[in-house]
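**Student:** Quick one: the structure is below, and I'll ask about it shortly.
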Amino acid sequence: MTDSFDIAVIGGGNAALCAAITAAEAGARVLILEAAPKPYRGGNSRHTRNFRCMHSRPLGPLTDSYSEQEYFDDLIKVTGGKTNENLARLAIRGSEECLPWMEERGVRFQPSLSGTLSLSRTNAFFLGGGKGLVNAYYRTAAALGIEVRYEAPVTHLDVEDGKINGIEFTQNGTTHRVSPKAVVVASGGFQADTDWLARAWGPAAKNFLIRGTPYNRGVVLADLLEQGVEQVGDPTQCHAVAIDGRAPKFDGGIVTRLDCVPFSIVVNKDAERFYDEGEDVWPKRYAIWGRLVAAQPEQVGYVIIDAKSLELFMPSVFPPIKADTLEDLAGKLNLPADRLCATVEEFNAACGDTSAFHPTELDSVATSGLTPPKTNWARPITEAPFYGYTLRTGVTFTYLGLKVNENAQCSIGNRPMSNLWAAGETMAGSILGQGYLAGFGMTIGTVFGRIAGREAVAHAN
Amino acid sequence: MQIDLIQEARRQAEICNACRYCEGYCSVFPALHRERVFADGDITQLANLCHNCRGCYYACQYTAPHEFDLNLPKALAEVRQDSWKAYAWPAGLAKLFDRSGVAIAVGLVLGFALLFLLAQALRPESGKGFYAYMSHSLMVAVFTPAFLLPLAAIALSLRSYWQSVGGGRLTLGDVWSATRSAGRMKNLEGGHGDGCNFEDEDRFSQARRHFHQATLYGFLMCFASTSSGTVLHYGFGLEAPYGLFSLPKLFGVPGGVLLCLGTAGLAWLKTRADPNLGAPAAWGGEMAFVLLLFFVSLSGLLLYAATGTVAAGLLLPLHLGAVLTFFLLTPYSKMAHGFFRMTAMAREAMLAREARKQ
Ligand SMILES: Cc1cc2nc3c(=O)[nH]c(=O)nc-3n(C[C@H](O)[C@H](O)[C@H](O)COP(=O)(O)OP(=O)(O)OC[C@H]3O[C@@H](n4cnc5c(N)ncnc54)[C@H](O)[C@@H]3O)c2cc1C
Ligand code: SF4
Ligand code: SF4
């Protein structure tokens, strides 16, 4: 099979599939090398639910309009300005034509899910979620004659004279080599390699949970960076959220999300509070809690709520730990009971008038004289039964990546590489230096996947 | 009902409720997302809303080997199957649902055919067409109770079902809304109009919906054929055999063809689909039921084709034996699903109406 392919695409998620399909539609013979076995194909993309899409009038499931400028402003807010404007605008502008492109290739959309109405204007939800999307693309790929190898992790790329000369991958215990004319890297970040995370973060990272695929270990990324391919971002940057501490080490996905923090107090293993739980509405604070919990002893937090708050947030996959008294709850959570009671008492005493309480808006129902304060939704924790969840840091993806230009092309020694392109998570750091906007990951993957496919095929022909 | 089956479905429903990615596939998910905790009756109701289209299985990121081990189509199929048994009346006959479906159906068809053959010994002196073999009054004497008793049994089953899922007052509007959605097989469209995942893993296709529709409408037309025959007989004194352009034939022939094609198609699809996404133990019984319906329609068409030949003498008892078997097994076979599903959908319509009022 050595030279029978024009293009090899490394990875089997959204970005890889968009690149492969685009190239095959232009007539190229395409090989997809996917590290995961078939049931786990699709990387982190199989866990997604929507992509963020600019549109000037109602489009598919999207209501109203969402302009380039508004989209860009939303991005700037979350990245604190650490954004490559040129590439970001390219992704934003490209998103509008993605929606019909996706539909033509079998992706189906659905109205914004119950509990996520606030996104119905900006984010288009995939029917069946990301795995439905990935399945549709694999069907399309098969119809185009794209060859897919599962359980075929790429181990090495030969970089020579600013060019990829060959790819090594293993399958069934043996090493194979291919030398396609062009290569697209779409193999995600490195978050599943917790040793690497630990090198960047310190030993605390060993306690992190990985929300998505165990196959994104950054092997290709490391291999290319070692050979001098240009890097963007640094390994300490990652997107991390606080998730249910009982989640599996990998692949727990969306259902391990906990939305109850704003109605709770959160304590560490010494039963001490450490941050304002009511700082802002949850979607806006979701991402900082990953780091907050990571900074606590043993990287664990405990959410404490009482009966009156139980139904105010979306149910999550594991039922809360329940007890009739705070002492019992402390026992079940392995917290020092006297400390927990003291912390709750102190918090309760600092709560004031709660008549303005409003679960979905900033209500300024705040504590007074407490450090750290709770600035919204501060209601005393008094009504039995009491409930608790453990919180752990759940890593979504890492930002360290390959630096690309507006053609998704990688570079080495400040010169573009003649036959290497990158798309998706593995180059997302070229666009965002930090922070994250819901649904932008799939937008980057789709837009830059298509660009990479287009450029690779132009080179191969 | 079996608690372990309900418990497994509940475990999975709780995961879906935290995920919601499948919301748009069918009416199971909006009903599921309405609850926070699932009573046994809620699970039974969800199970009877599910059409086993499998869209939510192939789209699920948590199917085995993932430790969450999601297989909602299977979990709901198991509860559904069990609910039909649990609410069957009389309870003793619920066993008929199980396994040896083909054997039961074949045995019954042959047994009844034999009875009818014996009845021919008492062959009428006069009579045209079928009635040359068997008197009209004998047919009526056999089929009237064979039709009405199973209906009564179904009605009692549905009453138990209704009580177990929480009761409430239905309006005609609710029933009409359920009928409309069943008539279009709306939920088999898969929410996006591409159909369901059945015979070829995650590929969406309309095959199942179309074959099912052919079966349903074919069946209804055959039923209309018989009913119009009865009306002609009693109302207008017009007796069979009827000409090709009479109502019974205009309904019966195309209805029979549709039913034949529809059931053959469903049986074929069933052999292609992954049995582990349904209730594996019920596979045989379901297949037997589809084949029985196929046999009813085929023998009916053949009988018509054979009018006036000697073959009719043998085909008539076989056909009638099959029809009789079908009627009697209705409350204890896959046929029950239609009644339960309609009830479940009417319940959804009722709840939606009540929610609008609030
Ligand atoms: C739980 C969760 C929910 C999310 N929800 C959303 C959302 O709703 N919207 C959104 O926009 N973003 C979401 N994201 C982020 C989103 O998943 C990513 O931005 C996006 O999927 C990246 O796509 P990708 O194709 O670059 O990477 P991936 O989809 O992760 O694909 C990488 C692929 O590379 C393969 N691979 C890795 N190493 C190798 C190797 N050495 N050789 C061969 N193949 C290899 C992997 O197996 C995988 O198939 C979510 C992430 C998680 C974890
Ligand atoms: S079947 Fe799977 S993907 Fe669908 S809602 Fe349930 S958990 Fe989510
Ligand atoms: S199998 Fe089909 S009908 Fe049943 S719950 Fe899943 S999507 Fe709905």
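**Student:** Extent of the stretch A:242-394 along each principal axis, from alpha carbon coordinates, in Å, largest to smallest?
**Tutor:** Result for the stretch A:242-394: principal-axis Cα extents of 43, 32, 27 Å.
**Student:** Right, next: With charges set only on the Cβ (+1 for Lys and Arg, -1 for Asp and Glu), what does the dipole of the stretch B:89-357 come to about its Cα centre, in debye to the nearest 20?
**Tutor:** Working: 21 positive and 14 negative charges, 114 e Å.
Around 540 debye, computed over the stretch B:89-357.
**Student:** Give me the lysines in straight-line cross-link reach of A:LYS38: C-alpha distance below 17 Å, same-chain residues under 8 apart excluded.
**Tutor:** Output for A:LYS38: A:LYS131.
**Student:** Now for a different question. Choose one of B:TYR21, A:TYR302, A:MET442: the residue whose Cα lies farthest towards the positive end of the charge dipole of the protein assembly as shown (beta-carbon charges +1 Lys, Arg; -1 Asp, Glu; about the Cα centre).
**Tutor:** Value: B:TYR21.
**Student:** Among B:LEU108, B:HIS192, B:GLY278, whose Cα projects farthest towards the positive end of the dipole of the stretch B:89-357, with charges put on the beta-carbon of Lys, Arg (+1) and Asp, Glu (-1)?
**Tutor:** In the stretch B:89-357, that residue is B:HIS192.
**Student:** In chain B, which Cys residues have no partner Cys with a Cβ closer than 4.7 Å?
**Tutor:** For chain B, the answer is B:CYS16, B:CYS19, B:CYS26, B:CYS50, B:CYS60, B:CYS222, B:CYS260, because their Cβ atoms have no other cysteine Cβ under 4.7 Å.
**Student:** Which residue, B:PHE326, B:TYR58, A:ASN84, has the largest displacement toward the positive end of the dipole of the protein assembly as shown when charges sit on each Cβ (Lys, Arg +1; Asp, Glu -1)?
**Tutor:** Of the options given, the answer is B:PHE326.
**Student:** A further question follows. Could you please state, rounded to a whole Å, how far the C-alpha centre of the stretch A:312-356 is from the C-alpha centre of the stretch A:386-432?
**Tutor:** Distance between centres, Cα-based: 39 Å.
**Student:** Then there's this: Which value, in debye to the nearest 20, gives the size of the charge dipole of the stretch A:112-212 about its Cα centre, when Lys and Arg are +1 and Asp and Glu are -1 at the Cβ?
**Tutor:** On the way: 10 positive and 8 negative charges, 95 e Å.
The dipole magnitude comes to about 460 debye.
**Student:** Given the protein assembly as shown, what percent of its DSSP beta bridges are antiparallel, to the nearest 5?
**Tutor:** On the way: 51 of 67 bridges.
Roughly 75 percent of the beta bridges in the protein assembly as shown run antiparallel, per DSSP.
**Student:** Principal axis extents for the stretch A:391-461, Cα atoms only, whole Å, descending order, please.
**Tutor:** Extents along the principal axes: 51, 25, 15 Å.
**Student:** Based on Cβ point charges of +1 for Lys and Arg and -1 for Asp and Glu, what charge dipole magnitude is obtained for the stretch A:242-394 about its Cα centre, in debye rounded to the nearest 20?
**Tutor:** Working: 15 positive and 22 negative charges, 112 e Å.
I would put it at about 540 debye.
**Student:** Roughly what % of DSSP beta bridges within chain A run antiparallel, to the nearest 5? Mind showing how you got there, number by number?
**Tutor:** Values: 49 of 65 bridges.
The answer is about 75 percent antiparallel.
**Student:** Just to confirm a number: summing +1 for Lys and Arg and -1 for Asp and Glu over residues other than A:ALA356 whose beta-carbon lies under 13 angstrom from that of A:ALA356, what do you get?
**Tutor:** Working: positive: A:ARG379; negative: A:ASP353, A:GLU361, A:ASP363.
Local net charge: -2.
**Student:** Another question, if that's okay. With runs of 4+ DSSP H residues as the only contributors, calculate the mean residue ellipticity of the protein assembly as shown at 222 nm using -39,500 (n - 2.57) per run, divided by the residue total and rounded to the nearest 500.
**Tutor:** Values: 24 runs with 364 residues, N = 819.
The per-residue figure over the protein assembly as shown is -14500 deg cm²/dmol.
**Student:** Could you go through the stretch B:86-92 in sequence order and give the Karplus-derived ³J(HN,Hα) for each residue, using 6.51 cos²θ - 1.76 cosθ + 1.60 with θ = phi - 60°, rounded to whole Hz, and x for Gly and Pro?
**Tutor:** Each residue of the stretch B:86-92 in turn: 5, 9, 5, 10, x, 3, x Hz.
**Student:** Would you list, by chain and number, the lysines whose Cα falls below 27 Å from the Cα of A:LYS308, excluding same-chain residues fewer than 8 positions away?
**Tutor:** A:LYS269, A:LYS284, A:LYS322, A:LYS332, A:LYS374, B:LYS357
**Student:** Please go through the stretch A:276-315 and write out the GluC sites (Glu not before Pro) that DSSP classes as loop and that have at most 14 other C-beta atoms within 10 Å.
**Tutor:** Numbers: sites: A:GLU277, A:GLU279, A:GLU298, A:GLU311; in loops: A:GLU277, A:GLU279, A:GLU311.
Qualifying residues, ordered by number: A:GLU311.
**Student:** Hey, what's the per residue convex hull volume over the C-alpha atoms of the stretch A:17-67, in cubic angstrom? Provide the component values of the computation, followed by the final result.
**Tutor:** On the way: hull volume 6.4 nm³, N = 51.
So the per-residue hull volume is 125 Å³.
**Student:** Moving on to the next point. Give me the Kirkwood hydrodynamic radius of the stretch A:334-398 in Å, from all C-alpha pairs, to one decimal place? All intermediate terms of the calculation are to be shown ahead of the outcome.
**Tutor:** Values: mean 1/r = 0.0726 Å⁻¹.
Value: 13.8 Å, from the Cα pair sum.
**Student:** Hey, could you grab the Kirkwood Rh for chain B? Inverse mean 1/r over distinct alpha carbon pairs, Å, one decimal. Kindly include the intermediate steps, with their values, before the conclusion.
**Tutor:** Values: mean 1/r = 0.0461 Å⁻¹.
Computed over chain B, the radius equals 21.7 Å.
**Student:** Quote the Stokes-Einstein diffusion coefficient, in whole µm² s⁻¹, for the stretch A:63-130, based on the Kirkwood radius over alpha carbon pairs, a temperature of 25 °C and a viscosity of 0.890 mPa s.
**Tutor:** Reported coefficient: 183 µm²/s.
**Student:** Considering all alpha-carbon pairs of the stretch A:1-107, what whole percent are spaced by more than 20 angstrom?
**Tutor:** On the way: 3114 of 5671 pairs.
Pairs farther apart than 20 Å: 55 percent.
**Student:** Right, something else. Would you look at the GNM of chain B, springs on alpha carbons closer than 10 Å, and say which of B:ALA178, B:ALA267, B:ALA141 moves the most?
**Tutor:** Of the options given, B:ALA141 has the highest mean-square fluctuation.
**Student:** Related question: In peptide B:9-21, how many Cβ atoms from other protein chains are near each Cβ within 10 Å, on average?
**Tutor:** Working: counts 0, 0, 1, 0, 0, 6, 6, 2, 7, 13, 11, 12, 17.
Going residue by residue through B:9-21 and averaging, the value is 6.
**Student:** Averaging over all projection directions, find the projected area of the Cα convex hull of chain A and quote it in nm² with one decimal place.
**Tutor:** 21.6 nm²
**Student:** Which of the lysines could a cross-linker span from B:LYS85 if the Cα-Cα distance has to be under 18 Å and same-chain partners fewer than 8 positions apart are dropped?
**Tutor:** Once the sequence-local lysines are set aside, what remains near B:LYS85 is B:LYS74, B:LYS95, B:LYS334.
**Student:** Using only C-alpha positions, report the orientation-averaged shadow area of the convex hull of the protein assembly as shown, nm², one decimal.
**Tutor:** On the way: hull surface 161.6 nm².
So the Cα hull casts an average projection of 40.4 nm².
Any read-out appearing in this document is the output of simple, stated calculations on the displayed coordinates, not a laboratory observation. A quick note: this is a predicted structure, and the numbers were derived from the prediction, not measured. Using ideal geometry, Cβ is built from the backbone for each residue, glycine included, and neighbour counts are taken over all protein chains shown.
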